[in-house]
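Note sheet for the following structure.
Values in this text are rule-based calculations from the coordinates and carry no lab data. Quantities reported herein were computed from a predicted structural model and do not represent experimental measurements. Positions of Cβ are generated from backbone atoms using ideal geometry, with glycine treated the same way; all protein chains shown enter the neighbour counts.
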Amino acid sequence: MSFFNFWKMFKLPEKKKKQYEHVHRDVDPEDIWEIIGELGDGAFGKVYKAQNKQNGTLAAAKVIDTKTEDELEDYMVEIDILASCNHHHIVKLLDAFFFQGKLWILIEFCAGGAVDAIMLELERPLTEPQIRVVCRQTLEALIYLHENKVIHRDLKAGNILLSLDGDVKLADFGVSAKNTNSLQRRHSFIGTPYWMAPEVVMCETSKDRPYDYKADIWSLGVTLIELAQIEPPNHEMNPMRVLLKIAKSEPPTLMQPSRWSPEFRDFLRKALDKNVDNRSSAAQLLQHPFVTSVTDSRPLRELIAEAKAEVTEEIEDSKEEEEEE
């Protein structure tokens with residue numbers, strides 16, 4: 001018997017594939033979902049519009065190359081958080097698959113799109129009534145997350161989606177954290193620089209100063225300024241300089257404060273307090289006059305209708321140009 005054949009007799013068994021509760025393995029997602037369009041490029045791969053072949057449900061399908069089990073593990077926190085959430089203002093996980101080296105994450109399709117994309121399409125910021133609705137509904141989502149020990153850690157207009165009915169759907173939990181208890185704090189330097197809370201920036205150099213759920217409140221405050229001005233504060237600076245400014249400077253404010261209501265300015269002061277102990281919680285801010293006057297989603301429905309009309313007009317103009325040629 002050759003040494004090779006002898007060694008095969010004692011070969012260690014292959015490592016067993018880890019099973020994940022919310023991920024189908026060895027099932028071709030395209031047997032269940034049909035790709036009907038492309039929505040864009042996400043941070044980790046393509047995002048497609050998909051339709052369930054059985055019931056017609058629409059989904060946004062994030063398709064990520066994950067060649068190894070270790071890479072797959074990196075995405076499980078996001079999938080587990082989405083699977084555990086059941087809230088009107090948080091996107092729903094519809095399906096997840098790992099097939100032929102690709103991870104498919106399918107979430108509910110939000111036809112209104114991301115708020116940052118709407119502003120770019122219209123080439124203008126949101127009005128204050130529209131900002132109030134986005135703020136209130138995002139606060140409701142944050143209260144739910146924080147009560148369930150989740151820190152989003154990447155709140156910004158690009159991760160706030162809208163349904164056609166004008167409902168906010170908070171999305172993208174790729175860098176979120178799920179705590180094991182309500183008092184647990186975090187030390188990871190993570191998020192998108194322009195929206196990062198000072199304590200998140202500082203945790204990289206001060207490991208004895210961890211952060212908690214109120215990091216999301218700071219990001220909300222920055223996001224509201226983004227909605228009012230199209231871009232976040234200091235957007236013209238490179239990310240490293242912004243991080244230094246967040247840590248050392250006074251909190252950001254609106255560029256033209258007189259254009260906005262006293263309630264809006266006061267809300268921002270409470271959300272963008274560098275002293276974490278003084279910064280309001282999501283539950284406290286939900287009682288603030290800036291959002292207590294919100295009764296329905298009409299301002300956001302009007303925003304979506306305006307954006308859709310703009311797209312239709314651009315398509316018609318493009319057709320006319322082609323015909324003239």
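Can you sort LYS156, LYS46 from fewest to most other Cβ atoms within 10 Å of each residue's own Cβ? Can you show the working numbers first?
Numbers: LYS156 21, LYS46 15.
By the 10 Å Cβ count, ascending, the order reads LYS46, LYS156.
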Original post:
In terms of modelled amide H atoms, which long-range or inter-chain residues lie less than 5 Å from the amide H of LEU94?
Top reply: LEU106, ILE107, GLU108
Original post:
Roughly what % antiparallel, to the nearest 5, for the DSSP beta bridges in region 24-108?
Top reply: 95 percent
Original post:
Along the Cα-to-Cβ line of ASP26, 7 Å from the Cα, sits a label point; which residues in region 96-121 have backbone N less than 17 Å from it?
Top reply: 97-102
Original post:
Fewest first, what order do SER281, SER258, SER176 take by the number of other Cβ atoms within 10 Å?
Top reply: SER258, SER281, SER176
Original post:
Within region 56-101, which trypsin sites (Lys or Arg not before Pro) sit in a loop by DSSP and count at most 15 neighbouring Cβ atoms inside 10 Å?
Top reply: LYS67, LYS92
Original post:
Once you list every other residue whose beta carbon is under 12 Å from the beta carbon of GLU71, what net charge do they have if Lys and Arg are +1 and Asp and Glu are -1?
Top reply: -3
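Can you sort HIS24, HIS152 from fewest to most other Cβ atoms within 10 Å of each residue's own Cβ? Don't skip to the end; give the middle numbers.
Working: HIS24 15, HIS152 27.
Fewest-to-most ranking of HIS24, HIS152: HIS24, HIS152.
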Original post:
Roughly what would the spin-label model give for ASP266 and GLN54, points 7 Å off Cα along C-beta, in nm?
Top reply: 5.3 nm
